[in-house]
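Enquirer: Sharing a structure, written as structure tokens. Questions coming.
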Amino acid sequence: QVSVMSHDDPSGQAVVAVALPGVAASAADVAAIDLWTQLLRGGRGLRSLHRPGSEVAALSFAGRQPGLVMLQAAVGPGQLEEATQKLLSELFRPLSREIEQSELVRAKQRLLGETALQRDTPSGRARRAGFFAALGIDEDRYDLAVREVSEAALRKTMARYLRRDSLAALWLLPRSRSPREETAHLERSRVRLLAQLQQSLPIADQPSKTPERS
């Protein structure tokens, strides 16, 4: 699914976002999806897109029905193709290459730290309780699932969700033209985005075979 729209932005920035359907409540899969979102936030391939006041954002949502995994960045209009390429490359990384163990350990620490911090305030404890009640899973079971996710298991899980035919992509362009020119500009941009997706997405939905670490 491809969407190209205009928006009013005082800074003149554009937004590029890519999203995939997430997972319904299941302790192991929820932990893997949340962990992958943490890895996306700190992905080295996206560091050039981080700027003061405009950082890359990644989120995951899971509930009793399938959720959402989304990755987005605010960039200059001239950087749309470059940013889209980097977001797609990072999002589909488990299909093409391994994840460094140190990177995985840091992501686990951040994820467990974020959920643990919610215990410090009444509002945080309420959000935490609501989160696990919505998932229908036990807190300790979730934390254990996060700790036990291996690099190989994470890549195997993500391979089930990182599918070309489920991808949704969005460009939000700063509005700066007359209505007639805006319509033509959006259509040209939509063609550009479609062409880039055809070139940038991985060919296979299954990860390449790599030796498992001992």
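The values are calculated or read from the model by the stated rules, or taken from the named source; none is laboratory data. Remember, it's a predicted structure, so these values are computed and weren't measured experimentally. Every residue, glycine among them, receives a Cβ derived from its backbone with ideal geometry; neighbour counts consider all protein chains shown. For accessibility, only protein heavy atoms count, side chains too; no ligands or nucleic acids. Shrake-Rupley method; radii C 1.70, N 1.55, O 1.52, S 1.80 Å.
Enquirer: Output the residue which, of all residues in region 146-158 that are assigned to a helix (DSSP H, G or I) and either within 14 Å of the chain's Cα centre (by Cα) or not hydrophobic (A, V, I, L, M, F, W, C) (or both), is nearest to Ser60 (Cα to Cα).
Expert: Here the answer is Met158.
Enquirer: Quick check on my filter: what residues within region 125-140 are part of a helix (DSSP H, G or I) and either surrounded by fewer than 14 Cβ atoms within 10 Å (Cβ to Cβ) or without any contact (Cβ under 8 Å) to a residue 40 or more places away in the chain (or both)?
Expert: Arg125, Ala126, Arg127, Arg128, Ala129, Gly130, Phe131, Phe132, Ala133, Ala134, Glu139, Asp140
Enquirer: Would you confirm, using the coordinates I've provided, whether Leu71 is among the aliphatic types (A, V, I, L, M), closer than 22 Å to Ala19 by Cβ, in a helix (DSSP H, G or I) and touching a residue at least 12 places away in the same chain (Cβ under 8 Å)?
Expert: No: the conditions fail for Leu71.
Enquirer: Looking at region 99-118, which of the residues that are surrounded by 17 or more Cβ atoms within 10 Å (Cβ to Cβ) and not aliphatic (A, V, I, L, M) is farthest from Ser189 (Cα to Cα)?
Expert: Per the stated criteria, the residue is Thr115.
Enquirer: Let me ask another. In this structure, does Glu81 turn out to be open to solvent by 40 Å² or more (accessible area, probe 1.4 Å) and touching a helix residue (DSSP H, G or I) at 6+ places or on another chain (Cβ under 8 Å)?
Expert: yes
Enquirer: Right, something else. Assigned to a helix (DSSP H, G or I), under 20 Å from the mean Cα position of the chain (by Cα) and modelled with pLDDT of 85 or more - does that describe any residue in region 165-185?
Expert: yes
Enquirer: Under 9 Å between Cβ atoms, at least 6 apart or on separate chains: pull out the pairs that start in region 90-107 with a residue that is of a type outside the set (S, T, N, Q) and end on any residue that is part of a loop (DSSP other than H, G, I, E, B) and open to solvent by 60 Å² or more (accessible area, probe 1.4 Å).
Expert: Close Cβ pairs satisfying both conditions: Leu95/Gln206; Glu98/Arg213.
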